[in-house]
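The values are calculated or read from the model by the stated rules, or taken from the named source; none is laboratory data. As the structure is a prediction and not an experimental result, all values here were calculated from the model. So basically every Cβ, Gly included, is an ideal-geometry build from the backbone, and we count neighbours across all protein chains shown. Surface areas here come from the heavy atoms of the whole protein model, side chains and all, with no ligands, DNA or RNA. Shrake-Rupley method; radii C 1.70, N 1.55, O 1.52, S 1.80 Å.
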Amino acid sequence: MKVLVCGKGGCGKSTVSVLLAKSLTRLGFSVLLVDADESNTGLHRLLGASAAECLMDGLGGRQGVREKMNAEKQALNAIPIFNTKIKIQDLPGSCVSQADGIRLLSIGKIRNFGEGCACMMGALAKRVLQNLDVRPDEAVVVDMEAGVEHFGRGVEAGCDLVVCVVDPSYESLLLANRMLEMAGAAGVPAGLAFNRADEKTLPLMSARAPGESVLGHVPRMEELFTAGLEGRPAGAPPPEMEGLARAVTLKAGVRPPSAVRRMNPAEVFLRCHP
C-alpha cells in the first residue's frame with residue numbers, strides 16, 4: 001500500500017504523516033516513510049530518526065540523476081530505481097534511517113540560492129513510487145510538498161490512496177476539495193484527514209466536506225504542537241489515529257496484517273486462493 005499525504009502549507013501534513021506511519025506499524029505493517037517535501041527539513045526529527053543522505057545526493061546530485069535518467073532512455077547503464085521494480089530493502093542503505101521500526105527515505109532538498117527548481121526531485125519521487133514493489137504487509141507513507149504541483153507531475157499515479165490533510169481554515173478546505181477532484185481525475189482514491197480539530201471546529205469542517213470523504217481526524221494536542229516547535233519526536237499517536245489508519249487501509253482496499261493474523265488457517269488459505 002502506497003499512501004500519499006498532501007495539503008496546503010502549514011496544515012500539519014508532516015505531523016499527520018509521522019502519526020499515520022506509527023499507527024500503521026501498530027496495525028502490523030512494515031512502514032517506509034518517504035520525505036518528498038524539498039523544503040521541509042524536520043521530518044526526521046518528528047520521527048525521532050537521524051538525517052540520512054538524501055536519495056538525490058546518493059545518486060550523484062541533480063547532474064547524476066539527470067545523467068541516469070538520460071541513460072535509461074538510451075538503455076545504457078540504467079540503475080534499478082529507474083528502469084525496473086525494486087523492493088524497499090533494496091534502497092541505498094546510506095539514504096535510509098530508522099526509528100521505532102519505521103524506515104525513512106528523503107528524496108532531496110533545496111539548500112542553496114539559485115540551485116534550481118524542485119522538478120528533478122519530483123521526477124525522482126515519481127519514479128521511485130512507481131517502481132517500489134510493495135508487499136501486502138508493507139506500507140509506504142509519502143509526505144508530499146505543499147500545494148498541488150505534484151498532481152501536475154503525475155506523482156499520484158504510483159500511489160494507492162491520496163490523503164488530504166485539512167486544518168481549520170476555509171482555504172485548507174477549498175484546496176482539499178480541489179485535491180479530491182484531481183485525485184479522482186487521476187483514478188486514485190482519496191479522502192480527508194482533519195488536523196487540529198476540536199469540539200467546535202470538527203462539526204464545522206465536517207459540514208463543509210463532501211460526503212463519505214472524511215477518513216478521520218487528529219485532535220488539537222498541546223504536546224504535538226510543543227514537540228513540533230521544539231524539534232522533538234511527535235511521540236505516541238493519539239487514540240483517534242487508529243481509526244484514521246484503519247480508514248486509510250479500508251479506502252485503499254488493503255487488509256491490515258494484524259487482522260490477517262487473527263484469521264484461522266482455512267480463512268487465510270481461501271483468501272490467498274480464491
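General observations
- Check on Gly108, small (Gly, Ala, Ser), more than 20 Å from Ala186 (Cβ to Cβ) and part of a loop (DSSP other than H, G, I, E, B): yes
- Sole exception among (1) in a loop (DSSP other than H, G, I, E, B); (2) at pLDDT 70 or above; (3) in contact with a helix residue (DSSP H, G or I) (Cβ under 6 Å, 6 or more places away or on another chain) for Asn77, by number: (2)
- Residues (open to solvent by less than 10 Å² (accessible area, probe 1.4 Å) and assigned to a loop (DSSP other than H, G, I, E, B)) located in the range 1-28: Cys11, Leu27
- Residues located in the range 239-274, provided they are loosely packed, with under 12 Cβ neighbours inside 10 Å, hydrophobic (A, V, I, L, M, F, W, C) and modelled with pLDDT of 90 or more: none
- Restricting the range 50-64 to residues that are closer than 16 Å to Val34 by Cβ and either assigned to a helix (DSSP H, G or I) or open to solvent by less than 70 Å² (accessible area, probe 1.4 Å) (or both), the residue that is modelled with the lowest pLDDT is Leu59.
- Cβ-Cβ under 6 Å pairs, at least 6 apart or on other chains, the range 221-243 side touching a residue at least 40 places away in the same chain (Cβ under 8 Å), far side open to solvent by less than 70 Å² (accessible area, probe 1.4 Å) and of a type in the set (D, E, K, R): Pro237/Lys22
- Residue within the range 207-221 that is open to solvent by 20 Å² or more (accessible area, probe 1.4 Å), under 16 Å from Leu4 (Cα atoms), in contact with a strand residue (DSSP E or B) (Cβ under 9 Å, 6 or more places away or on another chain) and part of a helix (DSSP H, G or I) present: no
- Answer from Ala193, Ala176, Ala183, Ala236 - the residue that is buried (at least 22 other Cβ atoms within 10 Å of the Cβ) and closer than 28 Å to Ala51 by Cα: Ala193
Conditions (1) assigned to a helix (DSSP H, G or I); (2) touching a residue at least 12 places away in the same chain (Cβ under 8 Å); (3) touching a Cys at 6+ places or on another chain (Cβ under 8 Å), marked per residue:
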{"site": "Leu124", "(1), (2), (3)": "yes, yes, no"}
{"site": "Pro136", "(1), (2), (3)": "no, yes, no"}
{"site": "Glu156", "(1), (2), (3)": "yes, yes, no"}
{"site": "Val162", "(1), (2), (3)": "no, yes, yes"}
{"site": "Glu171", "(1), (2), (3)": "yes, yes, no"}
{"site": "Asn177", "(1), (2), (3)": "yes, yes, no"}
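- Reported count of residues in the range 1-42, each being more than 14 Å from the chain's Cα centre (by Cα) and at positive phi, is 2.
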